[in-house]
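Notes follow once the structure below has been shown.
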Ligand code: PLP
């Protein structure tokens with residue numbers, strides 16, 4: 001069986017989560033808007049799930065909205081808030097970073113095309129923004145700040161607490177894409193003055209196709225799609241009850257286990273880091289200090305190698321990982337995140353992400369790290385030879 005080390009891409013659905021959702025696919029299949037007993041059972045399932053998510057985030061259930069996925073939660077937070085700002089003739093300036101997920105960059109670019117001014121903050125060579133620069137970017141017309149909590153490709157953590165504080169002191173709506181965080185680090189929205197936060201079920205052992213938008217009481221967003229008024233009209237559409245029940249159970253487990261999981265992921269992260277960092281021609285991308293990284297997450301760039309071919313080589317050795325560099329029209333292109341780190345192209349093309357999850361073991365990480373080290377040594381050497389040949 002291959003060793004799965006791609007938990008930042010997606011996670012398996014936990015047995016406890018499947019068991020909890022099954023009745024809602026079979027006997028309790030009602031529409032939660034129906035007033036008969038089938039409908040009431042489904043509505044009770046949704047209510048419990050909302051409570052469980054609220055406990056994970058330490059907020060009120062009325063601040064939790066179910067969305068079709070993390071992508072929709074990000075879009076609704078940004079575009080829905082922008083609609084509200086426009087309706088109230090607020091300032092059309094938004095601040096974000098150059099390393100956001102496409103589901104944040106996309107709506108920001110759309111707003112730019114509609115006349116908004118968007119500041120894309122650069123990051124340092126470890127993928128972290130300069131907080132002073134963010135403060136200096138705030139202008140009288142700034143109405144939205146959206147900065148991701150943890151980067152999916154390079155694992156960097158942003159100073160969310162400080163950003164939230166400055167945003168609240170200036171009366172600015174602050175959204176964070178926290179899709180990579182639940183179950184790995186504690187999230188407490190009562191401590192941080194976050195206005196809105198997005199999550200995605202399949203990153204923490206619930207199925208794909210379910211997300212969460214947390215929206216602080218009193219913060220307004222306007223709908224970006226229209227329908228039957230579910231989820232207070234912000235995310236309308238008949239509720240995906242089994243998936244909602246699933247994300248509720250996954251949230252409950254994530255909250256209970258977070259301290260233990262974080263410790264376990266840190267241990268596996270150290271094993272991978274210690275075995276991979278000494279390799280010649282391999283550079284750790286993102287923060288080298290693991291306390292500034294997402295637990296369990298390692299990303300590397302192998303000079304002269306090609307990301308997709310590295311992924312295939314790993315697959316042949318029985319390890320599932322991913323790359324931030326992909327083949328685009330026959331050319332290996334580093335992702336925008338790797339470009340933002342200003343790595344030389346020869347390194348950025350050979351990127352790999354290794355992300356451990358709560359079901360990996362230290363033994364698996366030891367084995368995978370040894371195999372990855374062999375691949376890295378060979379790939380870096382092959383590319384050196386190729387470079388010399390080309391040069392001659
Ligand atoms: N934001 C981040 C940081 C992600 O890693 C992902 C998924 O890869 C998303 C948003 C999108 O979530 P979903 O797959 O649920 O649409």
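Rounded if a/c is under 1.5, else prolate if a/b beats b/c, else oblate: with a ≥ b ≥ c from the C-alpha gyration tensor eigenvalues square-rooted, which is region 1-154? Oblate shape, in that a/c is at least 1.5 and b/c is the bigger or equal ratio.
Stokes-Einstein diffusion of region 1-48 at 37 °C, 0.692 mPa s viscosity, Kirkwood radius from Cα pairs, rounded to a whole number: 259 µm²/s. How high is the relative contact order of region 15-254? Use alpha-carbon pairs under 8 Å, at least six apart in sequence, and give a whole percent. Here the relative contact order equals 28 percent.
The long axis of helix 37-57 is offset from the longest Cα principal axis of the chain by roughly 50 degrees.
What's the exposure ranking of 33, 335, 113, going from fewest to most Cβ atoms within 10 Å? Spell out each step's value before the answer.
Working: 33 13, 335 19, 113 8.
The order, fewest Cβ neighbours first, is 113, 33, 335.
Against the chain, whose longest principal axis is taken from its Cα atoms, helix 307-316 shows a tilt of about 90°. Most simply put, region 94-202 has about 15% antiparallel DSSP beta bridges, counting only bridges with both residues inside it. Rounded to the nearest angstrom and listed largest first, the equivalent-ellipsoid semi-axes of region 229-283 from its Cα gyration tensor are 40, 17, 8. Kindly express, to the nearest 10 degrees and within the range 0 to 90, the angle between helix 70-87's C-alpha long axis and the longest C-alpha principal axis of the chain. Orientation of helix 70-87: about 60 degrees from the principal axis.
Dimensions of region 265-379 along the principal axes, based on C-alpha atoms and rounded to the nearest Å, stand at 38, 31, 25, largest first.
Given the chain, what percent of its DSSP beta bridges are antiparallel, to the nearest 5? Don't skip to the end; give the middle numbers.
Numbers: 26 of 43 bridges.
If I count the DSSP bridges inside the chain, around 60 percent turn out antiparallel.
This ranking places 15, 353 by how few other beta-carbon atoms lie within 10 Å of each, fewest first, which gives 15, 353. The value obtained for region 57-111, namely the Cα convex hull volume divided by the number of residues, is 119 Å³ per residue.
Dividing the Cα radius of gyration of region 194-323 by 2.2 N^0.38 Å, with N the residue count, gives 1.41. Length gained on full extension, residue 60 to residue 109, computed as 0.36 nm times the residue gap minus the Cα-Cα distance: 14.4 nm. In the calculated pair-distance distribution of region 104-179, the portion above 22 angstrom amounts to 20 percent of the Cα-Cα pairs. Over the chain, DSSP H runs of length four or greater, each weighted -39,500 (n - 2.57), average out per residue to a 222 nm ellipticity of -13500 deg cm²/dmol.
Considering only Cα atoms, the convex hull volume of region 18-96 works out to 142 Å³ per residue. Our Cα-only numbers for region 184-248 put the radius of gyration and Dmax at 13.1, 35 Å. Computed over region 137-255, the P(r) curve from all C-alpha pair distances, binned at 10 Å from the origin, holds 12, 39, 36, 12, 1 percent per bin. Extension gain for residue 44 to residue 267 (0.36 nm times residue separation, less C-alpha to C-alpha distance): 76.4 nm. Available extension along the chain between residue 162 and residue 117 is 13.9 nm, counting 0.36 nm per residue and deducting the alpha carbon span. Here is the P(r) of region 15-254: all C-alpha pair distances, binned every 5 Å from 0, give 1, 7, 15, 19, 19, 16, 11, 7, 4, 2, 1, 0 in whole percents.
Once you've got the GNM for the chain with C-alpha springs shorter than 10 Å, pick whichever of 64, 85, 245 has the biggest mean-square fluctuation. With Cα springs under 10 Å in the chain, the top fluctuation among 64, 85, 245 is at 85. If both residues of a DSSP beta bridge must be in region 135-294, then about 55% of such bridges are antiparallel.
Among 202, 101, what is the fewest-to-most ranking by other Cβ atoms within 10 Å?
Details: 202 23, 101 20.
By the 10 Å Cβ count, ascending, the order reads 101, 202.
Each value in this text was obtained by applying a stated rule to the coordinates, not by laboratory testing. Keep in mind it's a predicted model, so treat the numbers as computed, not measured. Cβ atoms come from the backbone with ideal geometry, glycine included; neighbour counts cover every protein chain shown.
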